[in-house]
Structure formats: structure tokens, C-alpha cells
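Everything below concerns the one structure shown next.
The values are calculated or read from the model by the stated rules, or taken from the named source; none is laboratory data. All of these numbers come straight from a predicted model, not from anything done at the bench. Glycine also receives a Cβ, built like all others from the backbone with ideal geometry; neighbour counts cover every protein chain displayed.
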Amino acid sequence: MVIRKVRKIGGIAYKFVSPGRRGVPDRLVALRNGNIIFVECKAPGEKPTPYQLREHARLFALGHQVIVLDSQDLSSILTVAG
């Protein structure tokens, strides 16, 4: 669902896989205004693992935005999309 909803607002949601690196976010979302967002998709009520939190912190330290979605609610992505 994330892919379709991002496409609807004019973006692209790539599946993000990094062999040999545990905890990378699930999706890399590219938006029309030049923003890149890393998205972690979780089942409702689930929290990121310690490995995921470590990778989120590394990306944040480099100035990137990481969003954790635990539903189909894309309001946090839509806010960045403007």
C-alpha cells in the first residue's frame, strides 16, 4: 500500500535492501521536491528492533529523515511532500 500511496503523490518508493547490513529501513522514498525519506514499515503496535534503531540513528546523524509507519497512514510522508 505504501508504494501506491507514494506514487499517488508523485513519488517513488523503492524497496531498500543492503546485504550484510542488518536493520536498514524497508523503503527509500523519493519525492518530487527533492526530498529522500527512509521508511520503516511495521505491523500495527510493533516497534523497531535495536538493529533498526541503530541504523535510524546513523541515517539521522547524516541529516536524513527516517519515518516509522505502523499503519497505512502516510500523513508523516505527506507533510514532507508538501
Scan of the range 17-57 for residues that are assigned to a loop (DSSP other than H, G, I, E, B) and touching a Phe, Trp or Tyr at 6+ places or on another chain (Cβ under 7 Å), ordered by number
Arg22, Gly23, Val24, Pro25, Asp26
Has the range 42-49 got any residue that is of a type in the set (A, V, I, L, M, F, W, C) and at pLDDT 90 or above?
no
Considering only the range 11-37, state which residues are of a type outside the set (A, V, I, L, M, F, W, C) and either within 9 Å of the chain's Cα centre (by Cα) or at pLDDT below 90 (or both).
Pro25, Asp26, Arg27, Arg32, Asn33
For Val6, the lone unmet condition from (1) within 16 Å of Gln65 (Cβ to Cβ); (2) modelled with pLDDT of 95 or more; (3) not in a loop (DSSP other than H, G, I, E, B) is (2)
